[in-house]
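Note sheet for the following structure.
Nothing in this text is a laboratory measurement; each read-out follows from the coordinates by a stated rule. Note that this is a predicted model, so its numbers are computed, not measured. No Cβ is skipped: glycine too gets one built from the backbone with ideal geometry, and neighbour counts run over all protein chains shown.
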Amino acid sequence: MIQPIDYYAVAPPLILALTAGLVLLLDVFLPRAPYARPLLGIVTLAGVTGALAVVISQAVRAAGPLRTFCVPPGLPGSAAPGPGAPFPVTAPEAGAAPPCSFVVDGFTLVFAGLALAAGIIVVLLSMTELSFGDIPAGEWHFLLLCTLTGAVALPASRDLVMLVVALELASLPVFALTALRRYDGRGSEAAVKLFLVSVVSTAVMLFGISLLYGLTGTVYLERLARVPHAVPGAAAGAVSGSGVGTAGPAAVTAGGVDGAYASSLQIGHDLPPVLAVAAVLVLAGFAFKVAAVPFHAWAGDVYEGAPIPVAALLSVVSKAAGFAGLILVLVGGLRNLAPVWAPLVAVVAALTMTAGNLLALRRRRAVRLLAWSSVAQSGYILAPLAVRDERAMNASVAYLAFYAAMNLGAFAVVMLAARRGESGELDGYRGFAARSRIAGPALAFFLICLAGLPPGLAGLFAKIVVFRELVGGGLGWLAAVMAVNTVIGLYYYVAWVVRIFTPAPVPAATTTPAPAEAPAMAPVPVPAPAPGVAGTAPEAVPVAPGAVSAAAGGRTGQVAAGVAIALAAVVAVLFSVAPQTVFVLLPETLIATG
């Protein structure tokens, strides 16, 4: 049986994958000329922009969700899961569409658009990073495109297998990107730490997914969403000493399961805890990905050891992919188990925002402060998920969009400052507004937005939306914790802004003894030019082969960083002037059902 494929539905990740292959081929066959590196960056930028254009075209179409990689209707067992699951899902409604592994709905479009828009900024920052020649450009752009491919495919995944594959595709290339700079010990250390943390998180998550599949007999999220609150037939008969139930065949048939598995169905007091453990393990696995407490310790060292574009990628694109998977599994697949995971999400959100802000208070380096600030922002994004309704989920997605624009802008300015010779220390930013009359105020604006202060109304509106959902959902204690953490965050954001506009300290003048007068030297005769060549210019000093290309690359890199700052600033200003724009872009129903 040949399964039809909707190539329009899979066009965005397909374009990114083809562009990745093209970049590798160009890197092999292009000469080692000064234009090669910018050309690879332009090709990568064109591929990401083309994928974003397809996502926009999918969003403006009036038809329903696009579905592909679906279970063929004539396949045996396609109407419902097999009878081997001890905790089976309920039967689907008559006439329901078969489950699909790839669905393009409102949720997919929002997260794919966010990942690709952030990817454009990251590509521009990458062109700045690669302009100095210490990182292989072809491998860098190939790995970056692979990460974006996974980040775009993940929100469209609607079964657990494809979800894990897309998540790993978005995660694995980041290890290599972190350590791709030659002879950089900190980058190698950061890559090893990130690799170990990611491997552990994936193992924990796969253990939870295997339990879910073993208990329910399905990997499709829409079938997992039909898991009943209680075991069918568990209360129909008593449990004997041997653990075998005495319910009759009628009770088993009502559960929709073959009689051979009747004994498994009767262990009603054991199955719900196992299902709860599976949900907790999946939550723990995704908590690693989004740097939520207690799985956050890797963030500071990895962000500071990685190149700044990779740190920006981790803080926005990888975080967005992690939250997309978390929302799909919890809200889309395990919504009937919300009484189990919602309190855990609330506690993890409170701990994450508190730990992130407290750790950021004492940081003295810019990238490390942004790393712990990113951990705190993860707590704010997690908080609305504990409310357990569609509107609260929209609040999480909206906050993620606000955060992406502000954080990418801050990373872009930090990178431009580093390329101009600024110190990575916060005290090195004293007088930055005077030294750079555009980048300095831009960085101050991004930091004020992250703090939630006027005129950065984007951050303020994002926090108000989350507050409203928490209070309306009966989580007043979590709203109070968020209010306290918002005040804590004001300190380190405002302290950095103050440094930017504070004049740089003038080094004190030191008096040194005048050097002893050197003895007179006999004049050195200068040979006269040969006859006929009067006025001949002195011999040119030899220039290193890569000096000219490095200087040109430095100018190109600064232009790319400036464009990235401008794009992030335009979006942040738009969100500050008209913050309701984000909610206009969000569809009424994010995750398609049925």
Could you list the residues of segment 394-430 with an amide nitrogen less than 16 Å from a label point located 7 Å from the Cα of VAL570 in the Cα-to-C-beta direction? 405-406, 409
Quote to one decimal, in nm, the extra length available between SER188 and ILE42 on full extension: 0.36 nm per residue of separation minus the C-alpha distance between them. 49.8 nm
Is the C-alpha gyration tensor of segment 380-496 telling us rounded, prolate or oblate? Criteria: a/c under 1.5 is rounded; beyond that, a/b larger than b/c is prolate, otherwise oblate. prolate
Linear extension gain, VAL28 paired with VAL584, 0.36 nm per residue minus alpha-carbon span: 195.7 nm
Qualifying chymotrypsin sites (Phe, Trp or Tyr not before Pro) for segment 124-227 [loop in DSSP, other Cβ within 10 Å: at most 12]: TYR183
Surrounding net charge for ALA383, when Lys and Arg each add one and Asp and Glu each subtract one, Cβ distance under 11 Å: 0
